[in-house]
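Heads up, the thing below is written out as structure tokens.
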Amino acid sequence: MSVPNFVTKNSWVAASANSKESGLNTAQTLDTSFLFDISSVPNLEPLRESNADEMTGKEEADVMYDLGMRAGFTLETSKMQAQHLAFLAAYALGSVSTANVGVAGKKHTITPTDDQFPPTFTLAARYGGNIAKRRLVSCCVDSLSLSFDNNAFIKLSAQIKGTGKYDKDLPATETVSAAGSATSLTVASAVLDDLAENVHQILAETSAGVWEPVTVTSVSTTTINITSLAVAGTIDYKVVYRTAAAWGTAPNRVDEDIMLLGNATVIVGGAWDGSALAGGVHVKAESKGLEWAFNNNIEVYECPEAGGSFAGGVIRGQRAQTITLRRQMRSYVWQQLLEENGTTSIYVKFVGKSAYETGRYYTVELVFPKVGIKTGPVADDNRLLGETLTLDVLQDATYGSVICIVENMQASYAA
């Protein structure tokens, strides 16, 4: 039997980035494939519990209860493009307004929503070259982290949670009764692409409770040709195989410039008027790194009439944000602000290297109108004094806590 391709790099991930689901546990059409790091393998989290705490007449557990599934995994890119942040921030923050710019450009302004119920998206993945495809319905962004260090690309990471509703291009294990001397088996659905490697396993019950592997020689639609076991009588065969899924074709991938640190701008203390920043101090060579961490504290839970095998409720907890700024201590300004319990603002801008049309560039802007310093220890950093400043993002009375502005050529996000 041929072995399917299980090289991680041959996997792909796609999502309904442009359009949110119309309701919880209602699948949305996939619209965009993304480049994520190979560590970003979508996973289900099985909820299993044994009867270890029940009186069974045995010392050890002998039953495993199935409480369904949840989804939980990380999507991460070490080379952020504008579309990565637009997609993940739209579903993390929840409120998106899109306007036309230039000839074909779009400017997406993303801000935190007041809604306690976060928008959800559908995500699908192919595992390896042809191990399997799986679609996860009702995913949401629990937390988001954007960071950069000197001499590195911009990184973006999101922790994803989901209700656990899913489907895949493998039906449930199928039991086929046939002669023990059979040279072919007929299954209920056509095997994907008529490939023997898409039949993952056949086991035959050659005697009571004894299951032996069966070799697949070729496939034609619903007929799987096998090497006969030459066993007398009729026996059961358990077959695991892939079939075609209507959602299984990956949508097109959008190509955008990678955001480069050398094209970034960091400004502290400027005044944001709702559309532009005035004044402020530019942070340049003293910068050692920055991280923005956003947390929705989402709870995914089971409830009546949820369906039994997946969650029926998703709700956002209290939102929290922090910024960690690492810098060479070239002045006492930040320590002074800490001692005086003052507040300031932070503005970060990333710009792509190439124009997507004349005068227009892939752009990401992050505006934090009001931040306060929580801690700011001073320490040696390779024989130089350095500061690690932990800032709480505060909610400004006029402009809120964060404004994320992304310019690219995509029509919408989480619409």
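The values are calculated or read from the model by the stated rules, or taken from the named source; none is laboratory data. No experiment lies behind these values; they were computed from the predicted model shown. Ideal geometry is used to build each Cβ from the backbone, glycine not excepted, and the neighbour counts take in all protein chains shown.
Residues of the range 27-41 that are under 19 Å from residue 249 (Cα atoms) and either hydrophobic (A, V, I, L, M, F, W, C) or in a loop (DSSP other than H, G, I, E, B) (or both): 27, 28, 29, 30, 31, 34, 35, 36, 41.
Residues of the range 390-400 that are surrounded by fewer than 21 Cβ atoms within 10 Å (Cβ to Cβ) and in contact (Cβ under 8 Å) with a residue 12 or more places away in the chain: 390, 392, 394, 395, 396, 398, 399, 400.
Sort out for me the strands (runs of 3 or more DSSP E) sitting completely within the range 219-277 that have 2 or more residues that are outside the structural domain of residue 83 (by TED's automatic domain parsing). Of the strands (runs of 3 or more DSSP E) lying wholly inside the range 219-277, those with at least 2 residues that are outside the structural domain of residue 83 (by TED's automatic domain parsing) span 223-226, 234-241. Of the residues contained in the range 61-69, one or more are found to be modelled with pLDDT of 95 or more, assigned to a loop (DSSP other than H, G, I, E, B), small (Gly, Ala, Ser) and over 20 Å from residue 259 (Cα atoms). Candidates 301, 356: the one that is aromatic (Phe, Trp, Tyr), more than 17 Å from residue 390 (Cα to Cα) and out of contact with any Phe, Trp or Tyr (no Cβ under 7 Å at 6 or more places or on another chain) is 301. Only one of the numbered conditions (1) free of Cβ contacts under 8 Å to residues at least 40 places away in the same chain; (2) buried (at least 19 other Cβ atoms within 10 Å of the Cβ) is not met by residue 113, and that is (2).
Give the residues of the range 282-295 that are under 24 Å from residue 333 (Cα atoms), in a strand (DSSP E or B) and in contact (Cβ under 8 Å) with a residue 24 or more places away in the chain, sorted by residue number. If the condition is that a residue be under 24 Å from residue 333 (Cα atoms), in a strand (DSSP E or B) and in contact (Cβ under 8 Å) with a residue 24 or more places away in the chain, then 287, 288, 289, 290, 291, 292, 293 are the ones that fit.
Conditions (1) under 30 Å from residue 109 (Cα atoms); (2) of a type in the set (Phe, Trp, Tyr); (3) not in a strand (DSSP E or B), marked per residue:
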site: 304; (1), (2), (3): no, no, yes
site: 314; (1), (2), (3): yes, no, no
site: 317; (1), (2), (3): yes, no, yes
site: 324; (1), (2), (3): yes, no, no
site: 341; (1), (2), (3): no, no, yes
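The requirement of being surrounded by fewer than 14 Cβ atoms within 10 Å (Cβ to Cβ), touching a Gly at 6+ places or on another chain (Cβ under 6 Å) and either farther than 30 Å from residue 313 by Cα or of a type in the set (S, T, N, Q) (or both) is satisfied by residue 233. In the range 36-60, the qualifying residues are those that are hydrophobic (A, V, I, L, M, F, W, C) and more than 11 Å from the chain's Cα centre (by Cα), and the one that is farthest from residue 257 (Cα to Cα) is 55. Return yes or no: is residue 225 among the polar types (S, T, N, Q), closer than 30 Å to residue 138 by Cα and out of contact with any Cys (no Cβ under 6 Å at 6 or more places or on another chain)? So residue 225 does not fit the description; no. Considering each residue of the range 70-79 in turn, at least one proves to be in the same structural domain as residue 402 (by TED's automatic domain parsing) and either in a loop (DSSP other than H, G, I, E, B) or free of Cβ contacts under 8 Å to residues at least 60 places away in the same chain (or both).
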